[in-house]
Amino acid sequence: MFIRYVDARKSWILLFAGLLGLANALILLDQGIQVTSTSLLYFNALFILSFLLFFIWRFKRETKYVAALAALQEDMALDWIETLPEPGDGLDQMTNDILREASLQFKRKLSDYKETQLIENEFTASWIHEVKTPLTAMKLILDARPSDPEIRKIEAEWLRVYLLVDRQLHMTRLPAIESDYVLELASIQRLAAEEVRELAPWCMEKNLAVSIEGTDVKAITDRKWCRFILRQLLTNAVKYNPANTALIIVTDVTETGQVFLDVIDEGPGIQPHELPRIFDKGFTGENGRIQNAATGLGLYLAKTVADKLGITLKAQPGQTKGTVMRMIFVDPNAFEAVRRGAGE
């Protein structure tokens with residue numbers, strides 16, 4: 001901070017140096033003034049010492065407020081405007097007033113933005129609920145003719161529409177996920193089986209053999225949001241799996257005692273250089289661009305929800321073919337701490 005202060009006060013230093021040099025020049029050039037070299041040296045030392053003391057005093061006085069602001073920035077709370085330091089002079093008071101006014105304007109704009117977002121989310125949620133009514137009616141009609149192959153094709157397309165609508169509904173609820181937790185000890189295989197059952201028409205259309213293997217482990221989680229994560233992983237797996245192949249779901253416990261679930265497909269896999277970006281919003285990757293079927297939202301939403309639930313979501317590296325997506329569930333004793341951290 002001292003170097004920056006010196007740089008900001010270069011005009012002071014140049015003015016003092018100029019005035020001291022001018023005084024020395026007048027003393028040396030004026031024949032009427034007789035000054036010994038010792039007196040001239042004493043005169044310069046006295047003026048330089050006086051300026052240094054003045055400079056240090058002004059530095060401490062003028063940077064006290066800025067130093068307090070810098071300390072506040074390092075540990076800034078939501079109510080930082082209420083903890084602003086007391087201004088030392090008129091300039092500090094002006095800075096203080098500007099910061100308070102900027103904070104007030106920001107809060108007003110943020111409030112307006114949140115209100116607009118709330119209205120849009122409520123409208124979207126209302127629209128989705130309205131759309132689900134005819135979709136449910138269509139499903140009943142489709143289920144009434146289970147043996148018609150043409151109906152089965154329509155059912156697969158209906159499922160794609162239903163998944164898009166359902167994902168949009170969860171997106172509108174995502175900002176308030178912390179208030180929507182219902183924790184319970186759930187069977188991970190049962191949750192996976194429920195999602196596989198939902199995707200059955202799509203799997204049958206592609207003739208995919210889906211199997212659930214491993215130990216029927218249990219973990220503390222939220223059933224609805226956990227199923228949402230599974231839905232995104234399974235949707236991706238079904239989408240990129242070639243027809244007449246297999247899709248495997250494995251549940252077990254790691255060596256460290258953590259419950260995990262793997263979704264294993266036989267698709268084209270993920271390129272190694274794409275692994276760090278697969279959870280970025282809007283990232284589709286090479287396979288998504290080739291098939292023109294990706295939105296770049298599925299894995300992003302799954303990762304967002306997983307982080308809030310304390311679930312570790314990652315793609316297993318080193319796969320020569322296909323993709324292995326792994327969900328690792330948080331230890332029950334640590335769940336509350338993770339949830340509190342997500343809610344802050």
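The values are calculated or read from the model by the stated rules, or taken from the named source; none is laboratory data. Predicted model, so just to flag it, every value in this text is computed and none were measured. Reconstructed Cβ throughout: ideal geometry from the backbone, glycine too, with neighbour counts over all protein chains shown. The accessibility values were calculated without ligands, DNA or RNA, using every heavy atom of the protein model including side chains. Shrake-Rupley method; radii C 1.70, N 1.55, O 1.52, S 1.80 Å.
What to note about this one:
- At full extension, L110 and K224 could sit 38.0 nm farther apart than now, given 0.36 nm per residue minus the alpha carbon distance.
- Where labels lie 7 Å past Cα in the beta-carbon direction, separation of E205 and K321 in nm: 2.6
- Of the three principal axes defined by the Cα atoms of segment 9-50, the extents in descending order read 35, 18, 10 Å.
- Enclosed volume per residue, in Å³, of the convex hull spanned by Cα atoms of segment 43-102: 82
- Alpha-carbon Debye profile of segment 188-307, log10 I(q)/I(0) at 0.10, 0.21 Å⁻¹: -0.31, -1.34
- Summarising the amide proton neighbourhood of V217: residues at separation of 5 or more, or on other chains, whose placed amide H is nearer than 5 Å comprise I188, Q189.
- Averaging Cα coordinates gives a centre for segment 74-120 and one for segment 12-71; these two points are 41 Å apart.
- Residues of segment 51-72 with amide N under 18 Å of a point placed 7 Å along Cα→Cβ from D89: 51-69
- Carbon and sulfur %, accessible surface of the chain computed with the full protein complex present, 1.4 Å: 59
- Put a dot 7 Å past the Cα of V66, heading toward its Cβ, do the same for F54, and the two dots end up 2.0 nm apart.
- With 10 Å bins beginning at zero, the pair-distance distribution over Cα atoms of segment 93-235 amounts to 9, 27, 28, 18, 9, 6, 3, 1 %.
- Segment 159-205 pair-distance distribution - Cα-Cα, 10 Å bins, rounded %: 22, 36, 38, 5
- The residues of the chain present an accessible area of 61 Å² per residue when probed at 1.4 Å with all protein chains retained.
- For P(r) over Cα pairs in 20 Å bins from 0, in percent, computed directly from the structure shown, the correct entry in (1) 32, 57, 10, 0; (2) 21, 36, 20, 14, 8, 1, 0; (3) 31, 61, 8 is (2).
- Partner lysines whose Cα lies under 21 Å from the Cα of K60, excluding those fewer than 8 positions away in the same chain, are identified as K10.
- Only DSSP H runs of four or more residues enter the estimate; each adds -39500 (n - 2.57), and after division by the residues of the chain the mean residue ellipticity at 222 nm equals -20500 deg cm²/dmol.
- Around the amide H of T245, modelled in the peptide plane, lie the amide H atoms of A209, all under 5 Å away and 5 or more residues distant in sequence or on another chain.
- Partners of K308 within straight-line reach, counting lysines whose Cα lies under 23 Å from its Cα and excluding those fewer than 8 residues away in the same chain: K114, K218, K224, K281.
- Cα Rg over Rh - segment 101-146, Kirkwood: 1.48
- Additional length obtainable on full extension of the chain from L275 to L41, 0.36 nm per residue less Cα span: 77.2 nm
- Rg/Rh (Cα only; Kirkwood hydrodynamic radius) as it applies to segment 119-171: 1.09
- Difference of contour (0.36 nm per residue) and Cα-Cα distance, S103 to S11: 29.8 nm
- Approximate spin-label separation I119-K314, in nm, with each point projected 7 Å along Cα-to-Cβ: 4.5
- Dimensions in Å of segment 1-126 - Rg and Dmax from alpha carbons: 26.2, 96
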